[in-house]
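Nothing in this text is a laboratory measurement; each read-out follows from the coordinates by a stated rule. Owing to the predicted nature of the structure, the values given are computational and were not obtained by experimental measurement. All Cβ positions, glycine included, derive from the backbone under ideal geometry; neighbour counts span all protein chains shown.
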Amino acid sequence: MTRGISASILILFSPQMQAQLPAFDVASVRPTGPGITGLNRAMRISPGRFSATFENLMALISEAYGVPTQFISGGPGWAAEDPFDIEARAAGPADEDQIKLMLQALLVDRFQLKIHRETKNLSVYSLTMGKRSAKLTTAKEDGRSAFRWTPAFVMGQSVTMPSLASWLTRQLGQLVIDKTGLEGEFDFRVDLSPDGAAWTMANAAMALPGELGLNPLSPV
């Protein structure tokens with residue numbers, strides 16, 4: 001089953017500012033320096049803070065707008081290649097949704113980003129509870145959300161179920177919505193290759209719900 005959603009973003013670079021958005025109080029955006037590789041790649045959102053390491057502009061847009069990179073078009077070639085490091089802090093308390101709005105404002109300010117949304121019919125998948133207990137541990141730290149993937153494992157820190165659905169959406173290029181009913185933040189680590197075989201990001205993302213004790217992704 002497909003559902004019409006605003007899922008495609010056409011990127012235009014223009015000095016014209018978009019509608020006023022909340023902004024970070026302090027923000028540093030710089031090209032990733034030498035010695036940092038894709039294995040260090042990470043984005044973290046915590047109350048009032050955002051950080052990114054070795055992330056290209058396309059990935060940052062995907063995080064800010066909740067759209068898979070496969071549905072982002074336009075922009076120069078370097079937008080999908082050149083990595084950046086970002087450290088940003090809000091003036092006061094800010095939750096994940098507010099941080100993402102601030103990230104949108106930061107991209108407009110530093111990259112002169114302007115977007116245009118189009119509606120596409122896409123497959124929609126749901127993330128649901130399995131018959132067995134979910135293999136999730138209550139988060140040890142409050143609010144510092146992060147995902148890390150390597151060909152050998154996937155690890156989540158202070159992850160909510162909506163943020164897990166969003167991460168799966170970005171990796172699979174298909175919209176995933178949270179229907180687990182689970183609230184709170186969780187930690188997990190799933191080893192993907194006990195036999196030494198390397199997994200692709202898409203295969204890891206598709207397998208992750210089952211490994212966490214959730215149901216396999218199913219069409220809505």
Work out from phi, with θ = phi - 60° and the Karplus expression 6.51 cos²θ - 1.76 cosθ + 1.60, the ³J(HN,Hα) of each residue of segment 203-220, listed in order in whole Hz, and give x for Gly and Pro.
5, 5, 5, 5, 7, 4, x, x, 5, 8, x, 8, 5, x, 4, 10, x, 7
Under Stokes-Einstein, with the Kirkwood radius over Cα pairs standing in for Rh, what whole-number D in µm²/s applies to segment 123-219 at 25 °C and 0.890 mPa s?
183
With θ taken as phi - 60° and the coefficients 6.51, -1.76 and 1.60, list the Karplus ³J(HN,Hα) couplings across segment 109-114 in order, rounded to whole Hz; mark glycine and proline as x.
5, 8, 10, 6, 7, 9
Here, chymotrypsin sites (Phe, Trp or Tyr not before Pro) of segment 66-142 satisfying both criteria (DSSP loop; at most 11 other Cβ within 10 Å) are none
Looking only at lysines whose Cα falls under 26 Å of Lys100's and that sit 8 or more positions away or on another chain, we get Lys114, Lys120, Lys140, Lys179
In terms of modelled amide H atoms, which long-range or inter-chain residues lie less than 5 Å from the amide H of Glu185?
Ala139
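Within 10 Å, Cβ to Cβ, of Met155, how many net charges do the neighbouring residues add up to if Lys/Arg are +1 and Asp/Glu are -1?
Values: positive: Arg148, Arg189; negative: Asp187, Asp191.
Net charge around Met155: 0.
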